[in-house]
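Beneath this line is the structure, given in structure tokens, with notes to follow.
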Amino acid sequence: MTKGIDALSPISLQNELAKSAKVENGSDFLSILKESLGEVNDMQIKGDQALSDIATGQVKDLHSAAIAIDKAEISMKVMLEVRNKAINAYKEILKTPI
């Protein structure tokens, strides 16, 4: 049991966070952001297509269409929250005295 507790020590957590914070494969924040925006856009397109299929009666699987619409909605909400956090961080940086 103590092995499990030791695995959660603050030092090991900091090491894990440091490892996960490193950029992999030479990617930078901008490329990761662009990739995420592309994925959100793809989900939005699939959600719109599923919604139009439902409206026209061409849907084959209602469950899959509902999932596609929900994924599009959730991904958009997450991206808006990321944008809001970035804007708030920028405003905080502007407030810092130099």
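The values are calculated or read from the model by the stated rules, or taken from the named source; none is laboratory data. None of these values were measured; they are calculated from a predicted model. Quick reminder, even Gly has a Cβ in these numbers, built from the backbone with ideal geometry, and neighbours come from all protein chains shown. Just so you know, the surface numbers come from the protein's heavy atoms only, side chains and all, with ligands and any DNA or RNA stripped out. Shrake-Rupley method; radii C 1.70, N 1.55, O 1.52, S 1.80 Å.
The requirement of being open to solvent by 60 Å² or more (accessible area, probe 1.4 Å), over 29 Å from Leu30 (Cβ atoms) and either without any contact (Cβ under 8 Å) to a residue 12 or more places away in the chain or not polar (S, T, N, Q) (or both) is not satisfied by Ile87.
Taken together, Val59, Val82 contain a single residue that is open to solvent by less than 80 Å² (accessible area, probe 1.4 Å) and at pLDDT below 90, which is Val59. Flag: Leu62 does not match the condition of being in contact (Cβ under 8 Å) with a residue 24 or more places away in the chain and either charged (D, E, K, R) or out of contact with any Leu (no Cβ under 6 Å at 6 or more places or on another chain) (or both). Among the residues of region 6-56, those that are surrounded by fewer than 10 Cβ atoms within 10 Å (Cβ to Cβ), at pLDDT below 85 and part of a loop (DSSP other than H, G, I, E, B) comprise Leu8, Lys22, Glu24, Asn25, Gly26.
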